[in-house]
Amino acid sequence: MEKLYNFLPAFIKEFYNNHFLAYPLIIKVAYVGIFLTFFVTMFCYLLVFTRRVVQASVNKKAEKWKAEIENILTNSIIAFTSEDYTDEHIIEITENLKKLPLKKRLVRQLIINELIFLHRNFSGKVNTLISRIYTSLELQKHSQKKLRSWRWFNKAEGIAELGEMGIQESAGDFLQYVNSRNITLRMQAQSGYLQASQTDPFVFLDYTNQNLLTFHQINLMDILNRNKDIKLPVFSKWFTSANDSVVIFCIRLTVRFHQIDSVKDLLRLFNHPNEEVRKEVITAVGDLSLVDLEQHLTIHFRNETQECRLEIIKTTGKICSGDSLNFLSDLVFNTDFSTRFEAAKALKRHGEMGEERLFRLLETVPEENKSVVLHMLDTKLSA
């Protein structure tokens, strides 16, 4: 303390000796608090200012590196979209990228980000070219390192990179996160495994016990649309899953990829205890135009919930076989507005024979039910 005292300016020493020591304890504590607050505040301001200056400098360099990376990769892709690439081309591109300071984490991440962007927006041989550049620069090691991070967002980012680039050796590591409590990490692990696994990309459905949210199912569908080489299983194998969201997802996949051979397995789901599953089955019958199952739906109509009943009516309107005209005509008399509206709408979708039936119904339906029939017959309005 004596050495520190000797370094203090003369006016502070004078204040300390002539005034501070004479103050009561509470005043001394107040002065110490004021001085500490002042110095801490100044330190924080200095720290923020320094970080902003450093960040501005880093951003400037990053913009320069990003422009160089984009220039190298874009020119390479433009050159090879119309012709096959060779190993020499890969070497040429990687050598150009190695001229950048790859030892810097920021530069490696900028290259990965650009490769990911290009990989998602191109297909075919260009995609293979991008993946080979990624592995030639050994950037997968940078992504795999993120999987060992204790931060969930680093793990999710690493999975996203490895999955997009189809690094098969890392697929097994993703399975441990398919039931993560963190929803983002969980969804990324499932998406990453679907992209990276070459042998059984849908095996994660065997392990997941969490709800597959609708928007996540859309993301998985998008991956399948972009990656035509993903091996598709027979999705009916998961119709017996204990996870109802998995069953619903697999029904949608069965429809999406028109797996007609699964109709018998689909039929068994009509007695599923979950209303949402049954509703999805009914929707699938309409989307696949399974005429043979239309009568089954109308027979079990009275035993279903209101939501499933409405879906049955919509399905008959999709199939439009003409076998359900009497069934739909009777429902136009229903006291429930939604039921009679959907029934009239389904009749309208049957074309001329449906319109003819609607005209005949005008003579018999109660006055309060005529509005939906008139609505369907009005050519100026769209049902």
Just want to confirm a number: the relative contact order over the chain, from Cα pairs under 8 angstrom separated by 6+ residues, in percent. 6 percent
Looking at the range 308-383, how many pairs of lysines come closer than 14 Å at the Cα, when each pair is eight or more places apart or spans two chains? 6
What full-extension length gain, to one decimal in nm, is calculated for Gln306 and Val53 as 0.36 nm per residue of separation minus the Cα-Cα distance? 84.7 nm
Name the residue farthest towards the positive end of the dipole of the chain from the options Ile319, Pro233, Ile34, assuming +1 on Cβ of Lys and Arg, -1 on Cβ of Asp and Glu, about the Cα centre. Ile34
Could you pull out every one of the lysines with an alpha carbon less than 19 Å from that of Lys155, ignoring same-chain neighbours closer than 8 positions? Lys141, Lys145, Lys146
Give a quick list of chymotrypsin sites (Phe, Trp or Tyr not before Pro) in the range 158-257 that DSSP marks as loop, anything other than H, G, I, E or B, with at most 15 other Cβ atoms within 10 Å. Phe257
Using Cα centres only, tell me the gap between the range 39-113 and the range 157-223 in whole Å. 28 Å
By a straight-distance test (C-alpha under 20 Å), which aspartates and glutamates pair with Lys99 as possible cross-link partners, with residues fewer than eight away in the same chain excluded? Glu63, Glu68, Glu70, Asp87, Glu88, Glu114, Glu138
Take the Cβ-Cβ distance between Leu377 and Thr184 as r, set R0 to 41 Å, and report the resulting FRET efficiency rounded to the nearest 0.05. 0.25
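Values quoted throughout were computed directly from the atomic coordinates according to the rules given, and no laboratory measurement underlies them. Owing to the predicted nature of the structure, the values given are computational and were not obtained by experimental measurement. Please note: Cβ atoms are built from the backbone with ideal geometry, for glycine as well, and neighbour counts cover all protein chains shown.
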